[in-house]
Protein chains: 2
Amino acid sequence: MSPEPPAISVTVDVVLLTLRAGRLCVLVIQRDEEPFAHYWALPGGFVGADEDLDDSARRQLAEETGVTTAGHLEQLYSYGAPGRDPRTRVVSVAYLALLPNLPQPEPGRRGQQARWWPVEDLGSPDGPTLAFDHPRIVADGVERARGKLEYTPMAAAFCEEPFTLADLRRVYEAAWGVSLDPPNFRRKVLSTPDFVLPVGAVSSPRGGGRPAQLYRRGSATALYPPLLRRSV
Amino acid sequence: MSPEPPAISVTVDVVLLTLRAGRLCVLVIQRDEEPFAHYWALPGGFVGADEDLDDSARRQLAEETGVTTAGHLEQLYSYGAPGRDPRTRVVSVAYLALLPNLPQPEPGRRGQQARWWPVEDLGSPDGPTLAFDHPRIVADGVERARGKLEYTPMAAAFCEEPFTLADLRRVYEAAWGVSLDPPNFRRKVLSTPDFVLPVGAVSSPRGGGRPAQLYRRGSATALYPPLLRRSV
DNA sequence: GCAAAAGTGTTGACTGTACACCCATGT
DNA sequence: ACATGGGTGTACAGTCAACACTTTTGC
């Protein structure tokens, strides 16, 4: 290593996804400072002097959204283009978090507005304009999530336990914008060892229909064979 | 963001993989400074004050190994555990580079020893001990490469153009440690649009055998359906 | 009873795998 | 001629997608 480390700040930003009313949504916080005051932005902040990156992501989530992250959390990508923050050089390590639907929009700790936004609305005119390069980060996070649904059991992180196979199926349908055949989906999931574990109880159907078996997340880390998105 | 950015250095490390004699190898450089003097380490260094992360990775490769990277280069993961560099707090953005076999071990620009090491030897007693958390970084890079061979046309980055389908097949066989059926492999690759493009010439066989058609890399970015590693 | 949702069975198309066989070259 | 590796054909088995059908609930 050469001996001239330039001054670069390191932050962590979190793309927190959840499912609300059958739509994939991302949590954004309204900024109260320049630059990009009043724009929506991802929760995040500086990494502490003695803080691991993963711990920092968990802390930012807890501080800015009140989420004590039980769900899935993984590192997404690092963004370091020189001009991405107009104030100073910032390298941001983005994280992807997945959680079951939360009761309410989670007010920010420091009083900022926080809300869920359906990911399809982000590019559209009636949607919000995100600060910095956060549109790209969200897009990357959504794409990562959509892709990893195929070959990991990550979809279960969107479901409150215990959940039904219909709940799990709706995760795929919302994330991919497709509809899946319930019988085939059921067979597929149950044939993957430890994807889900039966809990031995049934749900109470809301408004008709046979009660469904309940499941919780299993210990599988990969899906073989994968649940592929496009058949052609 | 809170207003106390701690002092953190940002570096880029590169896991450069290639195929040599049918084995997957990683390029390592012998350190000439403490800490970890005389240990082998990944090529890397500080990110420049106005340098994008990708550009920095390309620069480190060029400076430390003489590689003007034509091959595949992608961001791998970021490592930021507080104690990972004993001198100071360093967050390292690791990159994964894939190149065809290079003629010789590429001496380092600043005179350091550089050499290829088969990835299987890294954990073993006769293999080298890597500095810092580089064993983990290499392991992550190898795992990423092995995984992405399944669903991207990345394998072709290991082949000098023009290449034969046998060359391409040997990439998979070396990376996965399996042997693949040549006829089936051929059909699989050719049935994926734009994975490889025929060049309209044939190779001169070395030591007997029918000449093989030659191909170059196509424009595909994904493989549908994927070329799955384990059939059961 | 009827609608709605869960769950089972079945079939036909497709895909992957194994392997026999032919082709074109070097020695 | 024979060995070697490239390339084609084929047949069996497993998997996937579509959809008919049964089960169990709310109204």
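Using a 10 Å cut-off on Cβ atoms, rank the peptides A:45-53, A:207-215 from the highest mean neighbour count down. Could you put the intermediate results ahead of the total?
Values: A:45-53: 18.2, A:207-215: 12.3.
The peptides rank, most packed first, as A:45-53, A:207-215.
So what is the relative contact order for segment B:160-217, in percent, with contacts set as C-alpha pairs under 8 Å and at least six apart?
42 percent
Closest to the B-onto-A rotation axis, which residue of chain B has its Cβ, and how many Å off the axis is it?
Spelled out, residue of B and its Cβ distance from the axis onto A: B:Ser78, 2.
Average partner chain C-beta neighbours within 10 Å, per residue of A:55-63?
If you average over the peptide's residues, the count of other-chain Cβ atoms is 1.
Using θ = phi - 60° and the Karplus relation 6.51 cos²θ - 1.76 cosθ + 1.60, list the HN-Hα couplings for segment B:12-17 in order, rounded to whole Hz, with x at every Gly or Pro.
10, 10, 10, 9, 9, 10
If you roll a 1.4 Å probe over the heavy atoms of the protein chains, what accessible area per residue do you get for segment A:1-156, in Å²?
On a per-residue basis, 39 Å².
Over the Cα atoms of segment B:160-217, compute the convex hull volume and normalise it per residue, giving Å³.
Expressed per residue, the convex hull around the Cα atoms of segment B:160-217 is 95 Å³.
At a threshold of 8 angstrom on Cα-Cα distance, excluding pairs fewer than six apart, so keeping six or more, what relative contact order does segment A:1-103 reach in percent? Don't jump to the answer; show the numbers that get you there.
Numbers: 181 pairs, mean separation 36.7, N = 103.
Relative CO of segment A:1-103 lands at 36 percent.
Take every Cα-Cα pair in the protein assembly as shown and report what % of them are more than 44 Å apart. Don't skip to the answer; put the middle values down first.
On the way: 20039 of 107416 pairs.
Cα-Cα pairs in the protein assembly as shown separated by more than 44 Å: 19 percent.
Tally Lys and Arg at +1 and Asp and Glu at -1 over the other residues with C-beta under 14 Å from the C-beta of B:Pro118: what net charge comes out? Walk me through the numbers on the way to the answer.
Working: positive: B:Arg20, B:Arg23, B:Arg115; negative: B:Glu120, B:Asp121, B:Asp126.
Net local charge, B:Pro118 excluded: 0.
Starting from the amide H of A:Gln113, placed 1.01 Å from N in the peptide plane, find each other amide H under 5 Å away whose residue is 5 or more places distant or on another chain.
Excluding prolines and chain starts, which carry no amide H, the hits are A:Gln30.
In peptide B:37-49, what is the residue-averaged number of other protein chain Cβ atoms found within 10 Å of each Cβ?
3
Roughly how big is the A-B contact, given as buried accessible area in Å² (both sides, 1.4 Å probe, nearest 100)?
Separately minus together, A and B give about 3400 Å² buried.
May I ask you to derive the relative contact order of chain A, considering only C-alpha pairs under 8 Å and at least 6 residues apart, and to give it as an integer percent?
20 percent
Taking the convex hull of the alpha carbon atoms in segment B:37-185, what volume per residue do you get, in Å³?
Values: hull volume 20.3 nm³, N = 149.
Output value, Cα hull per residue: 136 Å³.
Taking only DSSP H segments of four or more residues, each worth -39500 (n - 2.57), what value at 222 nm results for chain B once the sum is divided by all its residues, to the nearest 500 deg cm²/dmol?
After summing the helix terms and dividing by the residues of chain B, the value is -7000 deg cm²/dmol.
Compute the acute angle (0 to 90°) between the alpha-carbon long axis of helix B:134-151 and the principal axis of greatest extent of the alpha-carbon atoms of chain B; round to the nearest 10°.
Helix B:134-151 and the main axis of chain B meet at about 30 degrees.
What is the average number of partner chain Cβ atoms found within 10 Å of a Cβ in B:9-16?
Neighbouring Cβ atoms belonging to other protein chains average 3 per residue here.
How much of the accessible area of segment A:140-232, in percent, comes from carbon and sulfur atoms when a 1.4 Å probe is used?
50 percent
As an exercise, identify the trypsin sites (Lys or Arg not before Pro) in segment B:29-134 lying in DSSP coil whose Cβ has no more than 14 other Cβ atoms within 10 Å.
Qualifying residues, ordered by number: B:Arg87, B:Arg109, B:Arg110.
Relative to the longest principal axis of chain B, what angle (0 to 90°, nearest 10) does the C-alpha long axis of helix B:165-176 take?
Around 40 degrees separate the two axes.
The values are calculated or read from the model by the stated rules, or taken from the named source; none is laboratory data. Given the structure is predicted, the values throughout are model-derived calculations rather than measurements. Quick reminder, even Gly has a Cβ in these numbers, built from the backbone with ideal geometry, and neighbours come from all protein chains shown. All accessible areas refer to the heavy atoms of the entire protein, side chains included, with ligands and DNA or RNA removed. Shrake-Rupley method; radii C 1.70, N 1.55, O 1.52, S 1.80 Å.
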